Amino acid sequence: MLKKLLSTLIVGCFCLNASAAMAQSTEPQKTKQTKHAQKMKRIIFKSGVGPGNDVEVTLRDKRKVKGYVSEITDDYFVVMEPKSGASTLLDYEQVQKVRLWLVVKNQVRRDFGSPGRFIKTVGIGLGITFGAIALICVASKGCVN
């Protein structure tokens, strides 16, 4: 009888430890999602409300919503499609990625959502410049010394 009681007690302790470990492993996932939602919220608040400040929102289920932000609250925001007039209510936790488009000089659009594009363009420009200088140096035999 003592063996049964001890074995039941040990199994119970293992079950409690396993459930506590599982609870801890899901906790960082929730905080990661809430941090991402807060980041998306800051981006949307910076974009502003009204036509001219267009957004392209990629959702977690891979759908894309394009238009301008017509309403912003603490819990959700609304994207209005200008052509059809359809509005989509989106929760910040649904959002995976946001791209901001600002209309400049009669529909010339600039993407301010991806700073990597600027860095990539500058890198390519520098690479072409240094490549041309090296080619001229080799062709003129001025770099031999």
Could you run the Karplus curve 6.51 cos²θ - 1.76 cosθ + 1.60 with θ = phi - 60° over region 38-55 and give me ³J(HN,Hα) per residue in whole Hz, x for Gly and Pro? 5, 5, 5, 5, 4, 5, 5, 4, 5, 5, x, 10, x, x, x, 10, 7, 10
Testing the spin-label approximation: label points 7 Å from Cα along Cα→Cβ at VAL78 and LYS32. State their distance in nm. 3.4 nm
Work out from phi, with θ = phi - 60° and the Karplus expression 6.51 cos²θ - 1.76 cosθ + 1.60, the ³J(HN,Hα) of each residue of region 71-79, listed in order in whole Hz, and give x for Gly and Pro. 8, 10, 10, 6, 9, 8, 9, 10, 9
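For a 20 Å ceiling on Cα separation, which of these pairs sit above it: LYS35/LYS97; LYS32/LYS66; LYS46/LYS120? If you can, show how the numbers build up before the last one.
Working: LYS35/LYS97 13 Å; LYS32/LYS66 26 Å; LYS46/LYS120 24 Å.
In this structure, LYS32/LYS66; LYS46/LYS120 exceed 20 Å between Cα atoms.
Assuming 0.36 nm per residue, please report the length gained on full extension of the stretch THR88 to ARG42 beyond their Cα-Cα distance.
Values: separation 46, 0.36 × 46 = 16.56 nm, distance 1.89 nm.
Extending this stretch completely gives an extra 14.7 nm.
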Cβ-Cβ FRET estimate between GLU71 and LYS120, R0 fixed at 22 Å, reported to 0.05: 0.05
For region 123-138, Karplus couplings with θ = phi - 60° (6.51, -1.76, 1.60), whole Hz, Gly/Pro x: x, 5, x, 5, x, 5, 4, 5, x, 5, 5, 5, 5, 5, 5, 5
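Coordinate-derived values only; no laboratory data. These numbers come from a predicted model, not from an experiment. Backbone-built Cβ (ideal geometry, glycine too); neighbour counts: all protein chains shown.
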